[in-house]
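The values are calculated or read from the model by the stated rules, or taken from the named source; none is laboratory data. Since the structure is predicted, the reported quantities are computational estimates derived from the model, not experimental observations. When we count neighbours, we look across all protein chains shown, and the Cβ atoms used for this are built from the backbone with ideal geometry, even at glycine.
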């Protein structure tokens, strides 16, 4: 069968998205271009791969069979690309990175600056992934690597087949409290989170990538917080704290610029979340990926983030 890699990617994306329009949007093509390519693939194979069901598109048995092989072919192609890059030894090409807000406000700019200085032939493309699980975006090739937030342990989170996760650092939580709560001007060194029952809180949206770790911290403290404001970024959250709109639980990465009127207090029982990277196992062989990970570690060190644990421990499928 004389099928192109492009056609295999398109067919696989249609199987995941359910419509040609959605698949085209994910891959950056027009719907007509995807339809033409898949029609050409059907002519090449001599079998129908798609059938319409209302606005959706369903794969035929032949289509499902081809998609299962497409996954294998595309995975092996990724290994081949990594092997070629490894032989050449050049840190070059394009690396597509996903990130969440707290990383963008603290780590992203230093990472881009260091990569540009140390590896000018490597082009970094970025996309925010707030509220999204990036594994599927990496699987489809829209991303090569992404930051993710892990649970409060030093063990990388679970991964699917063919993926790895690496812990970059611990990100410790602090309390951001309006200065007006301490009229004497002397806040305590630490506060038990459970003692703040009845206070109003500012927290990330429930679907936000940063929300789950904070929810776990509240649960461990036995506190069901009265969340009066849900805000998607930490700079805005800190400004609301300064405006006496509530208290916020914020990790170190979110404390880049603390405005006047905000006091940062330690938790009596310290809690952290992990900042991790997720990428395909095949991508780990790329010199570009290895260089990127080294730069991330260096930036974390420069920012004084907690890398006292074994931050290079990975979890492979």
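Quick look at the numbers
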{"read-out": "Those residues of the range 81-108 which are at pLDDT 90 or above and surrounded by fewer than 22 Cβ atoms within 10 Å (Cβ to Cβ), in sequence order", "value": "96, 108"}
{"read-out": "Residue check, residue 142 assigned to a helix (DSSP H, G or I) and either modelled with pLDDT of 90 or more or not assigned by TED's automatic domain parsing to the domain that holds residue 73 (or both)", "value": "no"}
{"read-out": "Flag if residue 111 is modelled with pLDDT of 85 or more and either in a helix (DSSP H, G or I) or out of contact with any strand residue (DSSP E or B) (no Cβ under 6 Å at 6 or more places or on another chain) (or both)", "value": "yes"}
{"read-out": "Residues that are exposed (fewer than 14 other Cβ atoms within 10 Å of the Cβ) and at pLDDT below 85, drawn from the range 52-63", "value": "52, 53, 54, 55, 56"}
{"read-out": "Residue check for residue 293: assigned to a helix (DSSP H, G or I), in contact (Cβ under 8 Å) with a residue 12 or more places away in the chain and on the phi < 0 side of the Ramachandran plot", "value": "yes"}
{"read-out": "Output for the range 262-277, where each listed residue is buried (at least 18 other Cβ atoms within 10 Å of the Cβ) and either under 19 Å from residue 305 (Cα atoms) or not assigned by TED's automatic domain parsing to the domain that holds residue 202 (or both)", "value": "267, 271, 272, 273, 274, 275, 276, 277"}
